[in-house]
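What follows is one structure encoded as structure tokens, with my remarks underneath.
The values are calculated or read from the model by the stated rules, or taken from the named source; none is laboratory data. Values in this document were obtained by computation on a predicted structure and should not be read as measured data. When we count neighbours, we look across all protein chains shown, and the Cβ atoms used for this are built from the backbone with ideal geometry, even at glycine. To get the accessible areas, we keep the full protein, side chains included, count just its heavy atoms, and leave off ligands, DNA and RNA. Shrake-Rupley method; radii C 1.70, N 1.55, O 1.52, S 1.80 Å.
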Amino acid sequence: MARRRGRGMAGCWYGIARTATVDRAGAWVEIDDGGSAKVVTGVTEIGEGILTVLAQIAAEELGVRPEDVTIGDNDTARSPEAAHAGATRQTYMIGNVVALASREAFGRLAQVMANEWGVPPETIEAASGEIWAEGTNHRTSMDKAVHLAKSRGVVPLGSASFGTDTTGLHPVDGAGRPWQAYVFGCQVAEVEVDTITGEVQVLGIWAAHDVGRAVNPKGVEGQIEGGIVQALGQALMEDYRLENGHTTTPGFAKYILPTSLDVPHVTSIIVEDPDPIGPLGVKGIGEPAMVPTIPAIMNAIYDAVGVRITSLPATPEKVRMAIRDKERMDRERRLHVEAAE
């Protein structure tokens, strides 16, 4: 039989934010004239969709529409530090700090409106550009509320800092608290292996990941799918080679990347287990999405043809050689058994 199918599974855990050191981020938030809002933080957008997430968070906390939120210049000479875009920390660190700053800004506005309407501040609610007092007929637009607050000498402005409480690792036994938040995931891969050529085709990936609270579910699915495609390339194709200190794979003719024809169907399952420490319950999904993919594919190859690939990538040549070695060993074993009988 030339083609055989198999399935494999792998799980993972991943620590969010910087490892064994303090991670910290800051932000300023203001509800501005016209009922719009601006967020100033040193966040870096590298395609992960963090600006959309921050606009959603600020809009939810302030009671404005996401399209009315402006994310300001991220030059750290003019904005609070947000640190790097890495360690799957953006939603966890920047999202939480924007939420805290937004709550402070809204709290200033809520206090003004509570005084104006003669109600407790905790009854003030807002959504979609309107603000009201629960249980009363008091309601007005956000822009009018901001105008009233500024006429009273109050600017609806908030600032906040959010950091992790971690420890270093013991040099002998590795004990410590290197991360404040953890995520977990599991993936199942289905592959088809051509036993004649050794070619491996990934037919499907089923990926279940804990992300804390999913602020933007479609964005989470995109992160999971992108991580899986990146891991698939490392698992089956990407092979950077050096010879005497010089690369022998300088271009995409020799350094092979996945194309749309190589991408399998991905079924994403979002598991929401809120983080108990941060105000939003968010965690992250950027890097953890690709951690279980490679071992799941390797396990699927083993399930299909019974060979363990222990070095990456699992190229057709490598897989075919492993199949031949297994066939040779199986023949020798049978001959040994027959001779013994």
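Which is farther than 24 Å from Gly15 by Cβ, in contact (Cβ under 8 Å) with a residue 60 or more places away in the chain and under 30 Å from the mean Cα position of the chain (by Cα), of Thr293, Thr315, Thr259?
Going through Thr293, Thr315, Thr259 in turn, the sole match is Thr315.
Of all residues in the range 288-307, count the ones that are buried (at least 19 other Cβ atoms within 10 Å of the Cβ) and within 27 Å of Tyr182 (Cα to Cα).
Counting residues in the range 288-307 that are buried (at least 19 other Cβ atoms within 10 Å of the Cβ) and within 27 Å of Tyr182 (Cα to Cα) gives 12.
Can you pull out the residues in the range 297-333 that are of a type in the set (Gly, Ala, Ser) and out of contact with any Gly (no Cβ under 6 Å at 6 or more places or on another chain)?
Gly306, Ser311, Ala314, Ala322
What's the total number of residues in the range 112-149 that are of a type outside the set (Val, Ile, Thr), without any contact (Cβ under 8 Å) to a residue 40 or more places away in the chain and in contact with an Asp or Glu (Cβ under 8 Å, 6 or more places away or on another chain)?
5
Scanning for something part of a helix (DSSP H, G or I) and free of Cβ contacts under 8 Å to residues at least 40 places away in the same chain, does the range 97-111 turn up at least one residue?
Yes, there is a match, as at least one residue in the range 97-111 is part of a helix (DSSP H, G or I) and free of Cβ contacts under 8 Å to residues at least 40 places away in the same chain.
Which numbered condition trips up Thr267, out of (1) surrounded by fewer than 16 Cβ atoms within 10 Å (Cβ to Cβ); (2) of a type in the set (Val, Ile, Thr); (3) assigned to a loop (DSSP other than H, G, I, E, B); (4) in contact with a strand residue (DSSP E or B) (Cβ under 7 Å, 6 or more places away or on another chain)?
Unmet for Thr267, out of (1) surrounded by fewer than 16 Cβ atoms within 10 Å (Cβ to Cβ); (2) of a type in the set (Val, Ile, Thr); (3) assigned to a loop (DSSP other than H, G, I, E, B); (4) in contact with a strand residue (DSSP E or B) (Cβ under 7 Å, 6 or more places away or on another chain): (3).
Going through Val266, Val271 one at a time, which residue ends up being under 16 Å from Asp210 (Cβ atoms) and within 18 Å of the chain's Cα centre (by Cα)?
The unique qualifying residue is Val271.
Out of (1) buried (at least 17 other Cβ atoms within 10 Å of the Cβ); (2) among the basic types (Lys, Arg); (3) farther than 30 Å from Ile57 by Cα, what's the single condition that is false for Lys283?
It is condition (3) that Lys283 fails.
Is it fair to say Pro171 is of a type outside the set (Val, Ile, Thr) and modelled with pLDDT of 95 or more?
Criteria not met by Pro171.
Of these, Arg89, Arg108, Arg177, Arg103, which one is of a type in the set (Lys, Arg) and more than 25 Å from Ile71 (Cβ to Cβ)?
Sole residue among the options that is of a type in the set (Lys, Arg) and more than 25 Å from Ile71 (Cβ to Cβ): Arg177.
Any residue in the range 226-247 that is surrounded by 18 or more Cβ atoms within 10 Å (Cβ to Cβ), within 26 Å of Pro276 (Cβ to Cβ) and modelled with pLDDT of 95 or more?
yes
From Gly49, Gly15, grab the single residue that is farther than 21 Å from Glu104 by Cβ, surrounded by 16 or more Cβ atoms within 10 Å (Cβ to Cβ) and at pLDDT below 95.
That would be Gly49, the only listed residue that is farther than 21 Å from Glu104 by Cβ, surrounded by 16 or more Cβ atoms within 10 Å (Cβ to Cβ) and at pLDDT below 95.
Please give the number of the condition Gly163 fails out of (1) over 30 Å from Ile224 (Cβ atoms); (2) in contact (Cβ under 8 Å) with a residue 24 or more places away in the chain; (3) open to solvent by 20 Å² or more (accessible area, probe 1.4 Å).
For Gly163, the failing item is (1).
Pull out all pairs, ordered by first then second residue, where Cβ-Cβ is under 6 Å, the residues are six or more apart or on different chains, the first lies in the range 184-198 and is more than 15 Å from Val305 (Cα to Cα) and open to solvent by less than 30 Å² (accessible area, probe 1.4 Å), and the second is assigned to a strand (DSSP E or B) and among the hydroxyl-bearing types (Ser, Thr, Tyr).
Taking only residues 6 or more apart or on different chains, not a single pair turns up.
Does Glu134 satisfy the criteria of being surrounded by fewer than 20 Cβ atoms within 10 Å (Cβ to Cβ), in contact with a Lys or Arg (Cβ under 7 Å, 6 or more places away or on another chain) and charged (D, E, K, R)?
no
Of the residues that make up the range 149-158, is at least one open to solvent by 30 Å² or more (accessible area, probe 1.4 Å), among the polar types (S, T, N, Q) and farther than 17 Å from Thr19 by Cα?
Yes, the range 149-158 has at least one match.
Select from the range 308-330 the residues that are outside any loop (DSSP other than H, G, I, E, B), within 24 Å of Tyr255 (Cα to Cα) and open to solvent by 70 Å² or more (accessible area, probe 1.4 Å) and list them in ascending order.
Glu317, Met321 - these are the residues of the range 308-330 that are outside any loop (DSSP other than H, G, I, E, B), within 24 Å of Tyr255 (Cα to Cα) and open to solvent by 70 Å² or more (accessible area, probe 1.4 Å).
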